[in-house]
């Protein structure tokens, strides 16, 4: 198995979903509570990349075993193309999860062992997402579960690791990230709609149809800015975050999204677009927070 095959298994276009909550939670902890540990930040980024990659592999493994992936997807699926064997994938999953577990135990030993309980719950959700008589990925709940688990769950946990604080504000600050991560899965399911239908899945786009799914995608993207305004009005975000978000937000993303049909052949374009939206939005939020941190330090 080659490095290229491993990268394909990791599905790197989705890894931004794991890194963003870590970065946002770390910088927000610094802004709101004056607490950040850069060693933890680096370790958490590594752990989340490994966990997200392992989750992608678990999903691909069980899809392959069920025969849910067609031969048309050999360009993006290493198992379907024969570049990797099921045993090799299971071995990589074990290694990735083991390393992430070691990182988690270390951080928990330095902060709170509650972190291990949270990690265990997250791990169980990632398994149930792809495994069992009715995997979450086969239901319309995928977007909600992934958004809540990775958006709210990871962001609030990261803030807690740095600052020891968990309250309503740390939950509210994570909601836009939750919306973004849910939209990543919506983009994926919208692109795979026909293939998922043939595999017997009942994903959200299959349930509500293409047009409503596209409207939901647009609504979610708009909500990123709306929620930022709300968070500023209730004094969770400084005004610098809103100004930065307005200036840096990819405002032409909606017109680009509506300019082509969504299917397996345009999946890379759709996933790249939502990735760009989420990355630019969160970078703008982080930029605004950093500006505010510098300003407070100067004052």
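For this structure, a couple of remarks:
- Ranked list, fewest to most other Cβ atoms within 10 Å of each Cβ, for 192, 11: 11, 192
- Beyond 35 Å, the tail of the calculated P(r) for the chain holds 18 percent of the Cα pairs.
- Among 201, 269, the ranking by other beta carbons within 10 Å of each residue's beta carbon, starting with the fewest, stands as 269, 201.
- Theoretical FRET efficiency, 1/(1+(r/R0)^6), r = Cβ-Cβ of residue 265 and residue 46, R0 45 Å, to 0.05: 0.85
- Per-pair calculated FRET efficiency, R0 = 25 Å: residue 295 and residue 222 via Cβ, rounded to 0.05: 0.30
- Stretchable slack from residue 198 to residue 144, in nm (0.36 nm times residue separation minus alpha-carbon distance): 17.2 nm
- Top of 209, 25, 288 by mean-square fluctuation, Gaussian network on the chain, Cα under 10 Å: 209
- Translational diffusion of the stretch 140-188, µm² s⁻¹ [Kirkwood Rh, Cα pairs; Stokes-Einstein; 10 °C; 1.306 mPa s]: 148
- Largest GNM mean-square fluctuation among 55, 287, 203, using the chain with Cα springs under 10 Å: 287.
- Helix-only CD estimate at 222 nm, as mean residue ellipticity for the chain, using -39500 (n - 2.57) per DSSP H run (n ≥ 4): -23500 deg cm²/dmol
- Sorted fewest first by neighbouring Cβ atoms within 10 angstrom, 138, 260, 237 come out as 260, 138, 237.
- Residue 112-residue 243 FRET efficiency (beta carbon distance; Förster radius 30 Å; 0.05 resolution): 0.25
- Segments 174-182, 32-40 sorted - mean Cβ within 10 Å per residue, highest first: 174-182, 32-40
Bear in mind that the values in this text are calculations on the coordinates, not laboratory data. Nothing here was measured: the structure is a model prediction, and the numbers come from that model. We place every Cβ from the backbone using ideal geometry, glycine too, and count neighbours over all the protein chains shown.
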